[in-house]
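Engineer: Pasting a structure below so you can have a look.
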Amino acid sequence: MRILIIEDDKEAASYLVKAFREAGHVADHAADGLDGYAMAEEGDYDVLVVDRMLPKLDGLSLIRSLREQRVETPVLILSALGQVDDRVKGLRAGGDDYLPKPYAFSELLARVEVLSRRRSAAPSTEPTVYRVADLELDRLSHRVTRSGQEIVLQPREFRLLEYLMKNANQVVTRTMLLEHVWDYHFDPQTNVIDVHVSRLRAKIDKGFDKPLIHTIRGAGYMVRVGQEGDEE
């Protein structure tokens, strides 16, 4: 699972990140409500663990804002406020579960796993096939074709193209690629992205009249229909 922990208590957050990672999951941390909202809206998380009392944007307001933006990632609320009225407010704000403090990590883990299973069992609204012009990517069969011609990609190249096509006609930044394709949450200070984009271009665009993978100078990359040399 990919879990985002939104918790302003540094000690508690460090403990949760370590515990979730030891349980075999990917855990990220945001220290306030605004950062947590931005990461939750942009990131592809399975579950959000949200402290109710947060600086800059409180937990319930954060959850309401996400639901207004149609972010349906399951949310488990952590709070020292454990009365029935408090739990009801949390659930009505858009939370999926509510765990009062103090709690045992084993129970928290079990509840997070349940939320993740529910999400996995729900019908997916994500398309199984992405298409841009004559380029087609099938997420289920891992098959890529252009003008009916099959293109063989390495696993990382496939993930890169999949993410670019998912965000077709939008700028995809280097940070977004590092986080969603490489699962890095820091800049490794290497040209790994440039190398992979170059290899992908050689397979996707070489031999075709119109390039689909574009470099947007100073911003990132974009998959779109365009003429050769229209990089900005």
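Engineer: Take the conditions surrounded by 15 or more Cβ atoms within 10 Å (Cβ to Cβ) and without any contact (Cβ under 8 Å) to a residue 24 or more places away in the chain and apply them to residue 136. Does it pass?
Structural biologist: yes
Engineer: If you go through region 3-30 one residue at a time, how many are open to solvent by 50 Å² or more (accessible area, probe 1.4 Å) and within 23 Å of residue 71 (Cα to Cα)?
Structural biologist: 3
Engineer: Quick check on region 31-46: of everything there that is hydrophobic (A, V, I, L, M, F, W, C) and outside any loop (DSSP other than H, G, I, E, B), which residue is surrounded by the fewest Cβ atoms within 10 Å (Cβ to Cβ)?
Structural biologist: Result: 38.
Engineer: When residue 169 is evaluated against the numbered criteria (1) at positive phi; (2) open to solvent by less than 90 Å² (accessible area, probe 1.4 Å), which criterion, by number, is the only one it fails?
Structural biologist: (2)
Engineer: Another one. Looking at residue 77 and the list (1) of a type in the set (Val, Ile, Thr); (2) closer than 30 Å to residue 193 by Cα; (3) buried (at least 18 other Cβ atoms within 10 Å of the Cβ), which single condition is not satisfied?
Structural biologist: So the condition that residue 77 fails would be (2).
Engineer: Checking the conditions here, which among 63, 77 is among the β-branched types (Val, Ile, Thr) and either out of contact with any Leu (no Cβ under 9 Å at 6 or more places or on another chain) or under 15 Å from residue 16 (Cβ atoms) (or both)?
Structural biologist: Values: 63 fails: either out of contact with any Leu (no Cβ under 9 Å at 6 or more places or on another chain) or under 15 Å from residue 16 (Cβ atoms) (or both).
Sole residue among the options that is among the β-branched types (Val, Ile, Thr) and either out of contact with any Leu (no Cβ under 9 Å at 6 or more places or on another chain) or under 15 Å from residue 16 (Cβ atoms) (or both): 77.
Engineer: So which of 81, 91, 57 ends up being over 16 Å from residue 5 (Cβ atoms), aliphatic (A, V, I, L, M), modelled with pLDDT under 95 and not in a helix (DSSP H, G or I)?
Structural biologist: Going through 81, 91, 57 in turn, just one is over 16 Å from residue 5 (Cβ atoms), aliphatic (A, V, I, L, M), modelled with pLDDT under 95 and not in a helix (DSSP H, G or I): 81.
Engineer: Within region 141-200, restricting attention to residues that are part of a strand (DSSP E or B) and closer than 18 Å to residue 225 by Cβ, which residue is farthest from the chain's Cα centre (by Cα)?
Structural biologist: Of region 141-200, the ones part of a strand (DSSP E or B) are 143-146, 149-151, 172.
Add one more test, that the residue is closer than 18 Å to residue 225 by Cβ, and what stays is 144-146, 149, 151, 172.
Values: 144: 23, 145: 26, 146: 27, 149: 31, 151: 26, 172: 13 Å.
Only one residue tops the list, namely 149.
Engineer: Of the residues that make up region 114-133, is at least one among the acidic types (Asp, Glu) and either surrounded by 13 or more Cβ atoms within 10 Å (Cβ to Cβ) or in a helix (DSSP H, G or I) (or both)? Break it down stepwise before answering.
Structural biologist: Keep residues of region 114-133 that are among the acidic types (Asp, Glu), which gives 126.
Next cut, either surrounded by 13 or more Cβ atoms within 10 Å (Cβ to Cβ) or in a helix (DSSP H, G or I) (or both) only: none.
No, the conditions are met nowhere in region 114-133.
Engineer: Checking the conditions here, which among 189, 149, 154 is closer than 25 Å to residue 28 by Cβ and either open to solvent by less than 60 Å² (accessible area, probe 1.4 Å) or among the polar types (S, T, N, Q) (or both)?
Structural biologist: Values: 149 fails: closer than 25 Å to residue 28 by Cβ; 154 fails: closer than 25 Å to residue 28 by Cβ.
From the options 189, 149, 154, the qualifying one is 189.
The values are calculated or read from the model by the stated rules, or taken from the named source; none is laboratory data. None of the values given here were measured: they were computed from a predicted structure. Quick reminder, even Gly has a Cβ in these numbers, built from the backbone with ideal geometry, and neighbours come from all protein chains shown. Heavy atoms of the whole protein, side chains included, go into the accessibility calculation; ligands, DNA and RNA do not. Shrake-Rupley method; radii C 1.70, N 1.55, O 1.52, S 1.80 Å.
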